[in-house]
Amino acid sequence: MTTKSENTGEQQPPGTLDGIGKEIHSCRRCPIGELENQAVMGEGPKRAALMIVGEQPGDQEDLAGKPFIGPAGRVLNAHLEQAGIDREDVYVTNAVKHFKFVWRGKRRLHQSPTVGEINACRWWLDGERAIVRPKIVLALGGSAARGVLGKPVTISRTRGQPHPLADGGELWVTAHPSYLLRLSGDKKDEQVRMFRADLGAVAERLGELTER
């Protein structure tokens, strides 16, 4: 269950991943939780050296209750494998735990979360980070980076380099795989190369940190 901080009196997320996983389903800290969806908890080792944070679950993730299993997840998996990173060793989650969408006929179309919705769900993400304590957090896209830092982030200015976090870890930022799926031609080739380079740099840095 949620607890209160001895110093501030503010509620804190549960102290276990299982506890967070149970409580996010009843979360109504923002309007997304009122939609016809289910919360999607992160998954992976409880002491993963690498945590990957996406924006929010998609339609397929919502239906299955698992993160990154749709088209973007398959792109991510392919690039992780190419970079020499085993997804089974990674804790994968999202900045926002519920799928935000609008109905278009019988289809549910993705809607980007607002700043307020990202900030509301940051409470849960902070809880996951405090438990897993990853050496590196890789944020996929601006919403994910905001969820980690609590402020706006420009991907082009921050990608490809480490950014120290207060808990001693490092934040790395890259594009979301879904962005690559929307591109074509030369622009897609360029962005794929950059994404590949970002994951390669993370893999190299992860190796350095885990050897210590």
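The values are calculated or read from the model by the stated rules, or taken from the named source; none is laboratory data. For clarity, every value in this text was computed on a predicted model and none was experimentally measured. Positions of Cβ are backbone-derived with ideal geometry, glycine not excepted, and every protein chain shown enters the neighbour counts. For accessibility, only protein heavy atoms count, side chains too; no ligands or nucleic acids. Shrake-Rupley method; radii C 1.70, N 1.55, O 1.52, S 1.80 Å.
Hey, which of these cross-link pairs are over 19 Å Cα-Cα: Lys22/Lys46; Lys66/Lys188; Lys46/Lys135; Lys135/Lys188; Lys151/Lys187? Beyond 19 Å: Lys66/Lys188; Lys135/Lys188; Lys151/Lys187. On the beta carbon distance between Ala64 and Arg212, with R0 = 45 Å, the FRET formula returns roughly 0.75. The mean accessible area for residues of the chain, using a 1.4 Å probe and ignoring ligands and nucleic acids, is 51 Å² per residue. Ligands, DNA and RNA left out, the accessible area of the chain computed with a 1.4 Å probe is 48% carbon and sulfur.
Stretching the chain fully between Ser112 and Lys46 yields a gain of 20.9 nm (0.36 nm per residue, less the alpha carbon separation). Here Glu208 sits with roughly 80 square angstrom of accessible surface, probe radius 1.4 Å.
When nucleic acids and ligands are ignored and a 1.4 Å probe is applied, Lys135 ends up with an accessible area of around 90 Å². Could you calculate the FRET efficiency of Ala130 with Thr154 from 1/(1 + (r/R0)^6), where r is the beta carbon distance between them and R0 is 22 Å, rounded to 0.05? Taking R0 as 22 Å, the efficiency between Ala130 and Thr154 is 0.25. In sequence order, the range 143-151 has phi-based couplings of 5, 5, 5, 5, x, 7, 8, x, 8 Hz under the Karplus curve 6.51 cos²θ - 1.76 cosθ + 1.60, θ = phi - 60°, and Gly or Pro positions carry x. Backbone phi angles across the range 123-129, fed through the Karplus curve with coefficients 6.51, -1.76 and 1.60 (θ = phi - 60°), yield HN-Hα couplings of 3, 6, 4, 4, x, 4, 5 Hz in residue order; Gly and Pro are listed as x.
Note on Glu88/Glu34: beta-carbon distance plugged into 1/(1 + (r/R0)^6) with R0 of 35 Å gives a FRET efficiency of 0.55.
Count Lys and Arg as plus one, Asp and Glu as minus one, and take only other residues whose Cβ is under 10 Å from that of Pro45; the net charge is then -1.
For the peptides 143-149, 74-80, residues were scored by their other Cβ atoms within 10 Å and the scores averaged per peptide; the highest-first order is 143-149, 74-80.
Averaged over residues, the count of other Cβ atoms within 10 Å places the peptides 58-70, 161-173 in the sequence 58-70, 161-173, highest first.
Dividing the summed -39500 (n - 2.57) terms of all DSSP H runs of n ≥ 4 by the residue count of the chain sets its mean residue ellipticity at 222 nm at -12500 deg cm²/dmol. Summing charges over neighbours of Asp167, with a neighbour being any other residue whose Cβ is under 9 Å away from its Cβ, gives +2 when K and R count +1 and D and E count -1. When DSSP assigns beta bridges and you keep just the ones with both residues in the range 56-212, what percent turn out antiparallel, to the nearest 5? Approximately 55 percent, going by the DSSP bridge assignments.
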